[in-house]
Amino acid sequence: MTAPSTLETAAAADVPTELTDGYHLVVDALKLNDVDTIYGVVGIPITDLARLAQAQGIRYIGFRHESNAGHAAAIAGYLNKKPGVALTVSAPGFLNGLVALANATTNCFPMVQISGSSERHLVDLKQGDYEEMDQLAAAQPFVKAAYRVSRVEDIGRGIARALRTAISGRPGGVYLDIPAAVLGAIMPKAEGDRTLSRLVDPAPRQLPAPEAVDRAIELLASAERPLVVLGKGAAYAQADAKVRQFIESTGIPYVPMSMAKGLLPDDHPQSAATARSLALKKADVVMLIGARLNWLLGHGRTGWNPDAEFVQIDIDPKEMDSNQPISAPLVGDIESVLDALAERTKPGQIQAPSAWREELGARSAQNVAKMAKRLEADPHPMQFMGALKAVRDVVHAHPETYLVNEGANALDIARNVIDMHVPRHRLDSGTWGVMGIGMGYAIAAAVESGAPVVAVEGDSAFGFSGIEIETICRYQLPVVTVIMNNGGVYRGDDTNPYDDAPSPTTLMSAARHDLLIEAFGGKGYRATTPAEVTAALTEALASGGPALIDCVIDPSAGTESGHISHLNPKGITVGNITPATK
């Protein structure tokens, strides 16, 4: 004979039992684990989940598109070093969010996407339920892990498992599927409370082996032309003081990847960013700190010294030897590895030869002088350089400002022109090079920090997430969007040889992006000269409210695919294609 349930016992005694449901358990589990913000788009079956979260003190930021909400959650995870949470509806909404979740996984940002889903018994028999989709199976190939909660009593375990997986080891995106029936399921509150748990040490330190540390020290000590490459993993680690202490105590020159800019100030005397090509070409021992030898670094082949040896700090041992042999792998979290290096290195054992530093310094001075001449020019119509120099100068006057950046030429040129002095304040397209991160990243940076944000967008890139300027205005966020408007994808002067229809890369040259934000109550500016950009951005930042500056750029400015035109396949050139007759 089975024992009576709590509900049966209470009913027999005519004693009311306090109840809970799946919605409450999700919110309770998130709060128990210090989740204070959710980014999402509501709809069946998660609208009441968002309402309840808000009522229980969790900040809910509602977006116009799930992909943008997901990008916001991902960059929140990067900035806070804890999982950002996105909330979406089922099927199409889930798929929209999956783009951001996959991007988070590729970029190693801790993020959890929670999506409602249709009834399992209908989905599994493919009976045509509302927004029917096996979302768990769809997510699996693109994320660090995917889980489904099938019983209300497993919600607490599912939330805890998803959060721990997202942040432990190499961070990444995790999908958590919660069917509608589970959200609406009811159980006694006392029993539900016992199913919840708070994570203990979800991202524990991972220390390198002493012999591995000694091997790395010996290799670095023997180098004649050592180099450090700082990746965004180094910025994510928030071991800023220890990174700086290692670099300055050894005198090794360093090159920062774009989202590692500001980890040390870009004008630091050991920065070789302005002599990057020479540094990679001649370095004989390269230490990678939170950086991977992927396409952004030519896979360690293109442009590198073919005899270079590598020291790599990475928390994932599978990353070692992925493109080049790693002579000294250091498997562990960055802070622990740097601590071990400091403990086991003898004073003066690792020192960059002065001749190497002087060679890089001389090349940097030459390149900086060349760039200064280009920035001094003020041609009309306005070029990317002039507009971005104006942005740079204003941002320098407001060092607390976060810079979000995406596009092709808008991204490439801004990386070179706008130097950073504060860590984790440059947020861009990252490893995947995905377009559409702009407004989501900008919103999250403003929400999480309360600081002003300047989002520098190519006009094409802005189109992927531009409707979120309504979100910016609705929440009255201090975000200034600066659009590099040259009327095209890459550039605006391409032509169609067949008829009068726009070419594949042509956008509307007369577009008035500044008027878009005015429709939602923000402030719009139109700038045709660097001086007008300076005045508009200065005023916009001073106002502390939503603003958009439409920078009118020469349509002929820019290059096809920006700095990665070499990735375009080379076939028959367009110039050799004869237009078909009508």
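The values are calculated or read from the model by the stated rules, or taken from the named source; none is laboratory data. Bear in mind the structure is a predicted one, so any value in this text is a computation, not a measurement. Cβ coordinates were reconstructed from backbone atoms using ideal geometry, including for glycine residues, and neighbour counts include every protein chain displayed. For the accessible areas, the whole protein counts, side chains as well, though only heavy atoms, and no ligand, DNA or RNA atoms are used. Shrake-Rupley method; radii C 1.70, N 1.55, O 1.52, S 1.80 Å.
General remarks:
- Any chance TYR475 is open to solvent by 20 Å² or more (accessible area, probe 1.4 Å), touching a strand residue (DSSP E or B) at 6+ places or on another chain (Cβ under 6 Å) and under 17 Å from ALA455 (Cα atoms): no
- The set of residues in region 503-525 that are hydroxyl-bearing (Ser, Thr, Tyr) and modelled with pLDDT of 95 or more contains only TYR525.
- Pairs, first modelled with pLDDT of 95 or more in region 272-292, second charged (D, E, K, R), C-beta under 6 Å, six or more apart: ALA275/ARG363; LEU278/ARG363; LYS282/ARG225; ALA283/ARG225; ASP284/GLU224; ASP284/ARG225; VAL285/GLU309
- Residues that are farther than 20 Å from ARG244 by Cα and of a type in the set (A, V, I, L, M, F, W, C) within region 332-363 comprise ALA355, ALA362, listed in sequence order.
- Pair list, Cβ under 6 Å, 6 or more apart: region 73-92 residue among the aromatic types (Phe, Trp, Tyr), other residue open to solvent by less than 10 Å² (accessible area, probe 1.4 Å): TYR78/PHE109
- Filtering region 62-69 for residues that are touching a strand residue (DSSP E or B) at 6+ places or on another chain (Cβ under 6 Å) and more than 25 Å from LEU296 (Cβ to Cβ) leaves a non-empty set.
- Unique match (being under 26 Å from ALA104 (Cα atoms) and either charged (D, E, K, R) or touching a strand residue (DSSP E or B) at 6+ places or on another chain (Cβ under 8 Å) (or both)) among ILE178, ILE252: ILE178
- Pairing each residue of region 364-376 that is at negative phi with any residue that is outside any helix (DSSP H, G or I), provided the two are 6+ apart or on different chains, yields C-beta distances under 7 Å for SER364/ALA272.
- Matching residues in region 532-555 - criterion: being loosely packed, with under 13 Cβ neighbours inside 10 Å and touching a residue at least 40 places away in the same chain (Cβ under 8 Å): GLY544
- Residue in region 339-354 that is within 23 Å of SER556 (Cβ to Cβ), surrounded by fewer than 21 Cβ atoms within 10 Å (Cβ to Cβ) and not basic (Lys, Arg) present: no
- Any hit, region 455-467, residues being at pLDDT 90 or above, open to solvent by 20 Å² or more (accessible area, probe 1.4 Å), in contact with a helix residue (DSSP H, G or I) (Cβ under 9 Å, 6 or more places away or on another chain) and in a loop (DSSP other than H, G, I, E, B): no
- Of all residues in region 480-510, those satisfying the criterion of being of a type in the set (A, V, I, L, M, F, W, C), more than 20 Å from LEU541 (Cα to Cα) and either under 28 Å from the mean Cα position of the chain (by Cα) or assigned to a helix (DSSP H, G or I) (or both) are VAL489, LEU507.
- Scanning region 92-117 for residues that are of a type in the set (Gly, Ala, Ser) and either crowded, with 24+ Cβ neighbours inside 10 Å or out of contact with any helix residue (DSSP H, G or I) (no Cβ under 7 Å at 6 or more places or on another chain) (or both) turns up GLY93, GLY97, ALA100, ALA104, SER115, GLY116, SER117.
- Against the criterion of being open to solvent by 10 Å² or more (accessible area, probe 1.4 Å), within 23 Å of ASP378 (Cβ to Cβ) and not aromatic (Phe, Trp, Tyr), THR528 qualifies.
- When ALA216 is tested against (1) touching an Asp or Glu at 6+ places or on another chain (Cβ under 8 Å); (2) over 26 Å from ASP412 (Cβ atoms), only condition (1) is not met.
- Helices (runs of 4 or more DSSP H) completely within region 53-143 that count 1 or more residues being at pLDDT 95 or above and not hydroxyl-bearing (Ser, Thr, Tyr): 66-80, 92-107, 135-139
- Selection status of MET435, closer than 30 Å to GLY40 by Cβ and either over 15 Å from the mean Cα position of the chain (by Cα) or not in a helix (DSSP H, G or I) (or both): yes
- Which listed residue, of VAL434, VAL422, is touching a residue at least 12 places away in the same chain (Cβ under 8 Å), open to solvent by 20 Å² or more (accessible area, probe 1.4 Å) and farther than 24 Å from SER271 by Cβ: VAL434
- Yes/no for ARG198 being farther than 27 Å from ASP339 by Cα and open to solvent by 60 Å² or more (accessible area, probe 1.4 Å): yes
- Extreme residue, modelled with the highest pLDDT, among residues of region 380-394 that are open to solvent by 60 Å² or more (accessible area, probe 1.4 Å) and not charged (D, E, K, R): PRO381
- Among residues of region 126-146 that are closer than 23 Å to ASN107 by Cβ, those with a Cβ under 7 angstrom from a residue that is open to solvent by 40 Å² or more (accessible area, probe 1.4 Å), sequence gap 6+ or separate chain, pair up as LEU136/ARG148; ALA146/GLN140.
- Count of residues meeting criterion [open to solvent by 10 Å² or more (accessible area, probe 1.4 Å) and either among the hydroxyl-bearing types (Ser, Thr, Tyr) or within 30 Å of GLY231 (Cα to Cα) (or both)] in region 66-91: 7
- Candidate set from region 395-415 (those that are under 17 Å from ALA372 (Cα atoms) and not charged (D, E, K, R)); member that is least open to solvent (accessible area, probe 1.4 Å): ALA414
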